[in-house]
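Please read the structure below before turning to the comments.
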Amino acid sequence: MYIISHGNREDVTDIVAETAQAIKDMRVRGAGRIARAGASAMGAFAEGYKGVSIEQFRNDAGAAAKTILASRPTAVSLRNGVLYSVRGLDGASTLKEAVDSVVRDSAEFVESSSHAVERIAEVGAQTVRDGDVILTHCNSNAAVGVIKRANAEKKNIKVYATETRPWRQGLITSRELAEAGVDVTLIVDGAVRSVMGKVDRVFVGADTVASDGSLYNKVGTSQIALAANELGKEFSVCTETYKFSPLTLRGEPVIIEERGREEVASESDVPPSVKVFNPVFDRTPAKYISSYITENGIIHPGAVFGEMLRLFGTGRSKE
Ligand code: RUB
């Protein structure tokens, strides 16, 4: 479930705080899902709003958006989903208009985002050849969608799913694929290069795509891209275009989240003198990426910049 159930909550700030906490704790995870959860929390916030002035609503909605955006820093989808939800605030002239715009735009984002994932499955599955052996990393709704669709189209595929330490999202992926009847083999992350010779192509998801065509995704993705590149295997990224970052058009860096040491090793595993570095995502340069599979079609990494200009303008204007 990516939408937190808000029930009949009276206090709209609790809805926002609960969603932010669920994203932080990774009870809701994956770039698309957290974007939909963030947008949906903004909609619920507006729907339950009890204030009486538009100015106050603008301030409170801004604070709510900030709380949600502070939950996880890397996936620009969260920012794009939340900003899409509040995009009508400036143009509204009454409180009702402002509230209605947030309710409408958050629902629109959730719907179009889910639709994009379905479209990516269709587009991506068309590129899969009969008998392909596919490797995937972590748990990407978009990448899993492509694989499931190709399997449903009787492409006779086999899949290697990486375990993905430390959260082991690969267990979710292998369960989801097995339930869909896909022939799936779970491997530890260190086995990627050992199996790459048998793999035809790699499908991964995206947290953020930068204007230089590089990819930010689950840590380990860049090593997989290197191993694929070494053997000339196709490396494709399944991504909705709301994971394209307008911030990178104006040169802002993508922040790579670092999480706590306890996710990697407990106190009984190692003494406190052992330092632990736990980056959650990494950057794969454009030169290792064969294609971006999006809801708008297949884009070469070199064409990402142009596509971003088309979607966002120069990125300098007020969003
Ligand atoms: C998840 C991850 C996924 C992308 C894309 O990381 O890196 O590959 O978010 O997923 P985490 P999707 O588990 O830390 O959130 O295609 O579902 O948006």
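The values are calculated or read from the model by the stated rules, or taken from the named source; none is laboratory data. None of these values were measured; they are calculated from a predicted model. Here the Cβ positions follow ideal geometry from the backbone for every residue, glycine too, while neighbour counts run over all protein chains shown. Only protein heavy atoms, including side chains, enter the accessible area calculation; ligands, DNA and RNA are left aside. Shrake-Rupley method; radii C 1.70, N 1.55, O 1.52, S 1.80 Å.
Residues checked against (1) among the aromatic types (F, W, Y); (2) touching a His at 6+ places or on another chain (Cβ under 7 Å); (3) open to solvent by 10 Å² or more (accessible area, probe 1.4 Å); (4) in the same structural domain as R36 (by TED's automatic domain parsing):
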| site | (1), (2), (3), (4) |
| --- | --- |
| V99 | no, no, yes, yes |
| E122 | no, no, yes, no |
| T136 | no, no, no, no |
| N141 | no, no, yes, no |
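Based on what the data block shows, is S106 in contact (Cβ under 8 Å) with a residue 60 or more places away in the chain, open to solvent by less than 20 Å² (accessible area, probe 1.4 Å), hydroxyl-bearing (S, T, Y) and in contact with a Gly (Cβ under 8 Å, 6 or more places away or on another chain)?
Details: in contact (Cβ under 8 Å) with a residue 60 or more places away in the chain: yes; open to solvent by less than 20 Å² (accessible area, probe 1.4 Å): yes; hydroxyl-bearing (S, T, Y): yes; in contact with a Gly (Cβ under 8 Å, 6 or more places away or on another chain): yes.
So S106 fits the description; yes.
Restricting attention to region 269-319, and to residues there that are part of a helix (DSSP H, G or I) and of a type in the set (G, A, S), which single residue is farthest from Y216 (Cα to Cα)? Let's see the steps before the verdict.
Within region 269-319, the first condition is being part of a helix (DSSP H, G or I), and the residues that meet it are 286-288, 301-312.
Adding the requirement that they be of a type in the set (G, A, S) leaves 286, 302-303, 306.
Working: A286: 11, G302: 16, A303: 17, G306: 19 Å.
Only one residue fits best here, namely G306.
Look at G205 and say whether it is closer than 27 Å to N156 by Cα, in contact with a Ser or Thr (Cβ under 6 Å, 6 or more places away or on another chain) and of a type outside the set (A, V, I, L, M, F, W, C).
On the way: closer than 27 Å to N156 by Cα: yes; in contact with a Ser or Thr (Cβ under 6 Å, 6 or more places away or on another chain): yes; of a type outside the set (A, V, I, L, M, F, W, C): yes.
It is true that G205 is closer than 27 Å to N156 by Cα, in contact with a Ser or Thr (Cβ under 6 Å, 6 or more places away or on another chain) and of a type outside the set (A, V, I, L, M, F, W, C).
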Of (1) more than 30 Å from V182 (Cβ to Cβ); (2) polar (S, T, N, Q); (3) touching a residue at least 40 places away in the same chain (Cβ under 8 Å), S140 satisfies every one except (1)
The number of residues in region 110-148 that are away from the ligand (no atom under 16 Å from the Cβ) and not in a helix (DSSP H, G or I) is 6
Give me a count of the residues in region 149-186 that are assigned to a helix (DSSP H, G or I) and surrounded by fewer than 14 Cβ atoms within 10 Å (Cβ to Cβ). 2
List the helices (runs of 4 or more DSSP H) that sit entirely inside region 30-101 and contain at least 2 residues that are touching a Ser or Thr at 6+ places or on another chain (Cβ under 9 Å) and more than 16 Å from the ligand (Cβ to nearest atom). 31-47, 54-69
Suppose we keep only residues that are more than 15 Å from S140 (Cα to Cα) and part of a loop (DSSP other than H, G, I, E, B) within region 214-242. Which one would you say is nearest to the ligand (Cβ to nearest atom)? S214
Could you go through region 221-240 and let me know if any residue there is at pLDDT 95 or above, in contact with a helix residue (DSSP H, G or I) (Cβ under 8 Å, 6 or more places away or on another chain), open to solvent by 40 Å² or more (accessible area, probe 1.4 Å) and more than 21 Å from D132 (Cβ to Cβ). yes
Region 24-43 - residue that is without any contact (Cβ under 8 Å) to a residue 40 or more places away in the chain and over 13 Å from S106 (Cα atoms) and, of those, most open to solvent (accessible area, probe 1.4 Å): R27
Need the failing condition index for E295 against (1) open to solvent by 30 Å² or more (accessible area, probe 1.4 Å); (2) in contact (Cβ under 8 Å) with a residue 12 or more places away in the chain; (3) within 25 Å of M26 (Cα to Cα); (4) of a type outside the set (A, V, I, L, M, F, W, C), just the number. (3)
All-but-one check, S245 against (1) buried (at least 17 other Cβ atoms within 10 Å of the Cβ); (2) within 16 Å of the ligand (Cβ to nearest atom); (3) more than 20 Å from G205 (Cα to Cα), failing number (3)
